[in-house]
Amino acid sequence: VQLQASGGGLVQPGGSLKLSCAASGRIFSIARMAWYRPAAGKQRELVAAITSGGSVDYADSVKGRFTISRGDAENTVYLQMNSLKPEDADIYYCNVRDVNWGVSWGQGTLVTVSS
């Protein structure tokens, strides 16, 4: 499974960005799509995830500000980020779990939050 992430950029504190990730290639059935970001001293932390059944999960730090959704094309996932804070600045990685092919990672898209 290949993942193409986009939508990162520079935004002022309090601003918004929308990240997109499209999966392509050898896809059997996508069970879950998610966004991660590196965390200092830790492995990548989960930002938001959505399952094929529509269940969502968010990091406590982004609840109420970020919204994850699937596109009309089922192999696309979005992350709407509102009220961005400087601490949200990071590289955001798209992650997909396919029922047959396992986990795949995208190349990352950079989000910069600065005035």
Test Q2 against the criterion of being modelled with pLDDT of 90 or more and either of a type in the set (F, W, Y) or under 18 Å from V103 (Cα atoms) (or both), and give yes or no.
yes
Considering the range 62-76, residues that are hydrophobic (A, V, I, L, M, F, W, C) and at pLDDT 95 or above, and then whichever is farthest from the chain's Cα centre (by Cα), we arrive at V62
Please state which one of G14, G54 is under 20 Å from D88 (Cα atoms) and not polar (S, T, N, Q).
G14
Could you list, in sequence order, all residues of the range 5-43 that are closer than 17 Å to V99 by Cα and not hydrophobic (A, V, I, L, M, F, W, C)?
S24, G25, R26, S29, R32
Flag if S115 is modelled with pLDDT under 95 and farther than 18 Å from L3 by Cα:
yes
Given the options Y92, Y58, name the one that is closer than 19 Å to Q43 by Cα, open to solvent by less than 60 Å² (accessible area, probe 1.4 Å), touching a Lys or Arg at 6+ places or on another chain (Cβ under 6 Å) and not small (G, A, S).
Y92
Which one of these is under 22 Å from S114 (Cβ atoms) and surrounded by 14 or more Cβ atoms within 10 Å (Cβ to Cβ): A5, A48?
A5
Among the residues of the range 23-40, write down those that are open to solvent by 40 Å² or more (accessible area, probe 1.4 Å) and either in contact with a helix residue (DSSP H, G or I) (Cβ under 7 Å, 6 or more places away or on another chain) or among the small types (G, A, S) (or both).
S24, G25, S29, A40
I'd like to check which strands (runs of 3 or more DSSP E) are fully inside the chain and have at least 2 residues that are in contact (Cβ under 8 Å) with a residue 12 or more places away in the chain and among the hydrophobic types (A, V, I, L, M, F, W, C).
2-6, 9-11, 17-24, 30-37, 45-51, 66-70, 76-81, 90-98, 109-113
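The values are calculated or read from the model by the stated rules, or taken from the named source; none is laboratory data. Every value quoted in this text rests on a predicted model; they were computed, and no experiment measured them. Don't worry about glycine lacking a Cβ; one is built from the backbone with ideal geometry, like all the others, and counts go over all protein chains shown. Remember, those area values only see protein heavy atoms, side chains included, never the ligands or the DNA or RNA. Shrake-Rupley method; radii C 1.70, N 1.55, O 1.52, S 1.80 Å.
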